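Only one structure is covered here, and it is reproduced in the block below.
Every number in this text was worked out from the coordinates using simple rules, so none of it is lab data. Since the structure is predicted, the reported quantities are computational estimates derived from the model, not experimental observations. Ideal geometry is used to build each Cβ from the backbone, glycine not excepted, and the neighbour counts take in all protein chains shown.
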Amino acid sequence: MSKPPASSSAARDALRSFAPKLVDLTDNVLFGDVWERPGLSKRDRSLITCATLVALNRTEQQTGHFQRALNNGVKKEELLELITHLAFYSGWPTAMSAANVAKKVFEGGDQK
């Protein structure tokens, strides 16, 4: 099982005592089962997840998943192309917000 990015682990650790079952399901079902299924590569799962997070404007989760995508072999240029492409489908504000998150991730900052 691959480990989630440190930023995701830190966010879950902050919730562990408050919502232990939610964190347990995140660790063991989502990242322990769903992300490990053989039907899609982790790279493909990352692209799908990042596209969904951009389209839904889920900026808090984008930081960890953009880093995960890079770790899973998605190139920076591909993430930027994904964001640009989605501007026409999910809206300009969602793409601009995602571009700001991506910039921080690429620069190594804002690793919540």
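Here are a few things to note about the model shown:
- The loop-placed trypsin sites (Lys or Arg not before Pro) in the range 20-98, going by DSSP, that have at most 12 neighbouring Cβ atoms within 10 Å of their Cβ come out as Lys75.
- The chain shape via C-alpha gyration tensor axes, a/c threshold 1.5: prolate
- Sequence of Ser41, Ser46, Ser9, Ser90 once ranked by neighbouring C-beta atoms within 10 Å, starting from the fewest: Ser41, Ser9, Ser90, Ser46
- As a length-normalised measure over Cα pairs under 8 Å and 6 or more apart, the relative contact order of the chain settles at 29 percent.
- Helical contribution to [θ] at 222 nm, DSSP H n ≥ 4, -39,500 (n - 2.57), averaged over the chain, rounded to 500: -20500 deg cm²/dmol
- All Cα-Cα distances of the range 52-112, cut into 10 Å bins from zero to the largest, leave 25, 62, 13 percent in each bin in turn.
- Separation of the alpha carbons by more than 19 angstrom is noted, of Lys21/Lys42; Lys75/Lys103; Lys42/Lys104; Lys42/Lys103, for Lys21/Lys42; Lys42/Lys104; Lys42/Lys103.
- Charged side chains reduced to their Cβ positions (Lys and Arg at +1, Asp and Glu at -1) give the chain a dipole of some 100 debye around its Cα centre.
- When the GluC sites (Glu not before Pro) in the range 59-112 are filtered for DSSP coil states and for at most 11 other beta-carbon atoms within 10 Å of their beta-carbon, the remaining sites are Glu107.
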